[in-house]
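Beneath this line is the structure, given in structure tokens, with notes to follow.
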Amino acid sequence: MNKQKFDLHETLGFVVNTTSRLLNTTLARAFAKSGYDITVEQWEILVVLWKRDGQCQHELATYSGKDRPSVTRILDNMEKRELVSRSTSEKDRRNKHVFLMKKGKELHDPLMKIANQFAKTSMKGLEETEIEAGKIFLKKVQTNLG
């Protein structure tokens, strides 16, 4: 009888999770090394707002791939640091729109420079076709699980 050994470290979930944590930790260190006290979660929210300022909190959750309570916590911290402000929607008082403040806008160029350099470093040695194939593969897995 041939029993196949299970190796946790060789599972797709383990490899993807480890890679994700390493990417986030390394990017956070790059921000800190450059003197920016910003988390990767905060940066992800900023990226969404830099594309379209004034989104509702639930839109931010959807576009950033985070749950609503996490977005609320992240925004609370960002608001304290004067990166964003929230205002109640005139159409629906249950909704709050999130707007970049001056400090949040000023972070765009330096943080994107760091993120772009980080992306180049993390993808070193990979062909564009390999990167695209990897994305397609992971999106198919997401579809299968979603």
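The values are calculated or read from the model by the stated rules, or taken from the named source; none is laboratory data. Because the structure is predicted, anything quoted here is derived from the model rather than measured. All Cβ positions, even for glycine, are placed from backbone atoms using ideal geometry, and neighbour counts span all protein chains on display.
Every condition in (1) under 30 Å from VAL15 (Cβ atoms); (2) touching a residue at least 40 places away in the same chain (Cβ under 8 Å) holds for GLY54 except the one numbered (1).
Cβ-Cβ contacts under 7 Å between residues 6 or more apart (or on different chains), taken from a first residue in segment 74-86 that is modelled with pLDDT of 95 or more to a second residue that is loosely packed, with under 14 Cβ neighbours inside 10 Å, are listed as GLU82/LYS103; LEU83/LYS103.
In this structure, ILE45 does not qualify as β-branched (Val, Ile, Thr), over 13 Å from LEU107 (Cα atoms) and in contact with a Lys or Arg (Cβ under 9 Å, 6 or more places away or on another chain).
May I ask you to say which residue of ASN95, ASN116 is at pLDDT 95 or above and within 27 Å of LEU75 (Cβ to Cβ)?
After ruling out the rest, the residue left standing is ASN116.
Does LYS135 meet the test of being under 22 Å from LEU12 (Cβ atoms), among the charged types (D, E, K, R) and either surrounded by 10 or more Cβ atoms within 10 Å (Cβ to Cβ) or free of Cβ contacts under 8 Å to residues at least 12 places away in the same chain (or both)? Let's see the steps before the verdict.
Details: under 22 Å from LEU12 (Cβ atoms): yes; among the charged types (D, E, K, R): yes; either surrounded by 10 or more Cβ atoms within 10 Å (Cβ to Cβ) or free of Cβ contacts under 8 Å to residues at least 12 places away in the same chain (or both): yes.
When the stated conditions are applied, LYS135 passes them.
Is it true that some residue in segment 81-102 is surrounded by 14 or more Cβ atoms within 10 Å (Cβ to Cβ), part of a helix (DSSP H, G or I) and either in contact with an Asp or Glu (Cβ under 9 Å, 6 or more places away or on another chain) or small (Gly, Ala, Ser) (or both)? No, the conditions are met nowhere in segment 81-102.
Among the residues in segment 33-50, are any among the basic types (Lys, Arg), over 23 Å from THR62 (Cα atoms) and surrounded by 10 or more Cβ atoms within 10 Å (Cβ to Cβ)? If you could, list the steps in order and put the result at the bottom.
The initial filter retains those residues of segment 33-50 that are among the basic types (Lys, Arg), namely 33.
Filter once more, so that each one left must be over 23 Å from THR62 (Cα atoms): 33.
With surrounded by 10 or more Cβ atoms within 10 Å (Cβ to Cβ) added as a condition, the list becomes none.
No, segment 33-50 has no match at all.
Note on segment 114-146: residues that are of a type in the set (A, V, I, L, M, F, W, C), farther than 22 Å from ASP37 by Cα and part of a helix (DSSP H, G or I) amount to 7.
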